[in-house]
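For reference, the structure discussed in these notes is given below.
The values are calculated or read from the model by the stated rules, or taken from the named source; none is laboratory data. In this text the structure is predicted, and so the values were computed from the model without any measurement. In this analysis, Cβ positions are derived from the backbone assuming ideal geometry, glycine residues included, and neighbour counts consider all displayed protein chains. Accessible surface is based on the protein model in full, side chains and every heavy atom, while ligands, DNA and RNA are left aside. Shrake-Rupley method; radii C 1.70, N 1.55, O 1.52, S 1.80 Å.
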Amino acid sequence: MPLPKDKTVSVAGPAFLQGGGEMGSLMRSYDWEQHPLGNPENWPISLQLAIRTLLNSAFPMFLWWSKDLYMFHNDAYLPALGNKHPEALGATAHTMWSEIWDTLNPIVEDILQQGSQFYAENLYLPLERKGFSEETYWTFSYSPAFDDAGEVYGIFCACTEVTKTVLSQRRMRTLKDISDATVLEQTMEQACQSASSILNNNAKDIPFNLIYLLEGNEARLLAGAGTDKIIDVTTQISLVDEKVSPALLQVIRNRQPVILDTDDATQQSIQDIIGVALPDRAVILPIIRPGQDHLIGFCIAGISTELEYDDDYVGFHQLLIGQIATSVTNVYVRQKAIKQQEYLKEIFQQAPVGITILSGPNYIIDLANPGVCEIWGRKQEDIIGMPVLQALPEVSDQAIKELLDSVYYTGVPFVADELPVKLMRNGVLETVYLNFVYHPMKDSQGVINGIIAVAIDITEQVATRLKIEGMNKELLATNADLDNFVYSASHDLKAPISNIEGLMRAFVDYLPEETLQTEEIQRVMRLIQNSIDRFKRAISDLTEVAKIQRESGEDVASVNLADVVEDVKLDFEPLIREKNAEIEVDFAPDTVVEFSAKNIRSVVYNLLSNALKYSSPARKPSIQISTESTPEFTILTVKDNGLGFNPADEHKIFSMFKRLHDHVEGSGIGLYIVKRIVENAGGHIELESEPGTGSTFKVYFKR
């Protein structure tokens, strides 16, 4: 027994007790005279040697000596004793280890009586060395200890505690099982239930568990285990209710675990919320989405009463909740991906174009929407899962596979316009014209694993276009014939009208002077001359129209619009003075266009002529001529404040022989000529007008 504090003895002790650290010192100072073993000097040599051996070993060892199994041990064994130190020295083993003696006694008796040996690996022993029954695991060997006569007189043990190793392996197995079990789960409920069941299999670490996920301002129970009253657990917890537990609010606010103890009022508040009793100790673990600070739920987990809630336990909970968060997030991502796939599939099904997805180098049809099935003349159920060349054998010799291979192996998309493809539709091999795109489909690593094809059947459009092109050719031929006729007719009519004019003059020469001067004859002569002049102007206009097409590409040069406008203004100088018209000119710096000089003068001449002729008698004519440049066009604008016209009549303005105002002379062909000249050169003309306000012509000359 240890020395009383008021008694002093020599601590030198016998030689075999020298060294040994704390236990060596304790053995030397121990009052062995009061112990049944008596003075160490009188101990058997075998006992002395065994004690000297264990005292000088760094490996945990102990010796139980005599039939009473008196205890001796070294410093390395002290952690195993816990609060049993220092009373364990010299005490009887069955007294000191009474909590496990039922397990040890059969082993001890066998060794003492039979001299046998015993070895155990990872043996569970619930030790009471820290004030509670603790879950511990040991690897050790028991060997007989012999006295000087060679008889078994005790037990020698070399041992090591493997509690940390066993717990770590068990916990890692739990984490792995959760990972494996939830990897293929398709719903949150399935993932949480699988995790909860696996936790329940490790009841030593997690004697109780409830998994809640957040849904807006509520937490919904998805799984739980560890209590026979799980059916009574509250499934919906309002997080905005005034009665919500402060501990739960703390977890939500701080994203940190909160421990609940039996004597803690906080635990009672949690029990009130969930509706069932918690184990003696528990912890609320926040479930946080990996890589974010976003709380997605929480787990209420029981804490073992046979273990300290030390760093290893806390670390296990952190890994555990991280694994649950990962599993739940993975399910969420899978659900989202499935929804996206379903959404895309639905879009594909409703798309007004043909869409198909071909996977792998054999181009298996994974998806074929109604549009592409209509193009192919096939039913979905007949082709899904088939190689495309097997589903459409008629395209095998039409270079389709070569196109697919090119896209699949190079990654370069292929685009086709109006490609003719022969397809078997309704039992008939038809030529179908398609606009389509073959685009490489890649996985998350960027590796091509298929082709997405989008196709539009334009067979009807192509047939219509070909028909229109044929009609256009006929119209062009007719127009050419008409132009030739107009050109020829205008020339052929010049001689007869000249003859008529000559005969008219000859007739005048034969009339007596008194007859010629009569008012009636003068009126008839003026009417005839006016008719001849109008006939001559009509022939001239027809000749001009015929020349437009024939000479549209001739005498093209760099023409300065400002010079053309100034030249045309000189032609109208008398009319400008007569009407007292104001002409404002504003040209952009670059007013040079590549155009026929003669034709561009005709354009400016006709526009300025119209602006002057159709001025309003109610106000002074004001004409604004300007230019502006864009990357594609040089724009000439002629704006007046004249009579204007109804916008609904715009199409008539540019028609041949159409005139909207008849109070002035004109053939109604000028603007038709302007439009033809500009359009033949790749430009166009725009017009804005309002009756009584004026008109604005914009001519776009292609740069």
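Numbers for the structure displayed
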read-out	value
The listed residue being under 20 Å from ASN560 (Cβ atoms), hydroxyl-bearing (Ser, Thr, Tyr) and buried (at least 20 other Cβ atoms within 10 Å of the Cβ), out of THR634, THR630	THR634
Qualifying residue in segment 143-166 (condition: in a helix (DSSP H, G or I), of a type outside the set (Val, Ile, Thr), out of contact with any strand residue (DSSP E or B) (no Cβ under 6 Å at 6 or more places or on another chain) and farther than 22 Å from ILE51 by Cβ)	yes
Segment 443-458 residues that are of a type in the set (D, E, K, R), paired with ones that are surrounded by 18 or more Cβ atoms within 10 Å (Cβ to Cβ) and assigned to a strand (DSSP E or B) (beta carbon under 8 Å, 6 or more apart)	ASP457/GLY354; ASP457/VAL432; ASP457/TYR433; ASP457/LEU434
Residue list for segment 256-296, filter: touching an Asp or Glu at 6+ places or on another chain (Cβ under 8 Å), closer than 18 Å to ARG220 by Cα and not in a loop (DSSP other than H, G, I, E, B)	none
Which numbered condition LYS422 fails, given (1) of a type in the set (D, E, K, R); (2) open to solvent by 60 Å² or more (accessible area, probe 1.4 Å); (3) not in a strand (DSSP E or B)	(3)
Flag for TYR409 being part of a helix (DSSP H, G or I), open to solvent by 60 Å² or more (accessible area, probe 1.4 Å) and within 24 Å of LEU358 (Cα to Cα)	yes
Scope segment 231-255; condition crowded, with 16+ Cβ neighbours inside 10 Å, over 34 Å from the mean Cα position of the chain (by Cα), touching a residue at least 12 places away in the same chain (Cβ under 8 Å) and in a helix (DSSP H, G or I); matching residues	ALA247, LEU248
Whichever residue in segment 13-27 is in a helix (DSSP H, G or I) and farther than 12 Å from ILE51 by Cα and, among such residues, is most open to solvent (accessible area, probe 1.4 Å)	GLU22
Residue match in segment 125-134 (condition: in contact (Cβ under 8 Å) with a residue 60 or more places away in the chain, in contact with a Gly (Cβ under 6 Å, 6 or more places away or on another chain) and in a loop (DSSP other than H, G, I, E, B))	yes
Failed item, numbered, when TRP138 is tested on (1) under 40 Å from the mean Cα position of the chain (by Cα); (2) closer than 24 Å to THR305 by Cα; (3) in a strand (DSSP E or B)	(1)
Yes/no for LEU278 being modelled with pLDDT of 85 or more and open to solvent by less than 30 Å² (accessible area, probe 1.4 Å)	no
Any hit, segment 529-548, residues being hydrophobic (A, V, I, L, M, F, W, C) and modelled with pLDDT of 70 or more	yes
Residues (surrounded by 15 or more Cβ atoms within 10 Å (Cβ to Cβ) and among the aliphatic types (A, V, I, L, M)) located in segment 385-406	MET386, VAL388, LEU389, ALA391, LEU392, VAL395, ILE400, LEU403, LEU404
Count of segment 28-57 residues which are closer than 21 Å to LEU78 by Cβ, hydroxyl-bearing (Ser, Thr, Tyr) and part of a helix (DSSP H, G or I)	2
Of all residues making up segment 431-448, the number that are in contact with a strand residue (DSSP E or B) (Cβ under 6 Å, 6 or more places away or on another chain), open to solvent by 40 Å² or more (accessible area, probe 1.4 Å) and of a type outside the set (Ser, Thr, Tyr)	6
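One line per residue, one yes/no per condition, for (1) farther than 30 Å from LEU295 by Cβ; (2) at pLDDT below 85:
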{"position": "HIS317", "(1), (2)": "no, no"}
{"position": "LEU320", "(1), (2)": "no, no"}
{"position": "ALA325", "(1), (2)": "no, no"}
{"position": "VAL328", "(1), (2)": "no, no"}
{"position": "LYS345", "(1), (2)": "yes, yes"}
{"position": "PHE348", "(1), (2)": "yes, yes"}
{"position": "VAL353", "(1), (2)": "yes, no"}
{"position": "ALA368", "(1), (2)": "yes, no"}
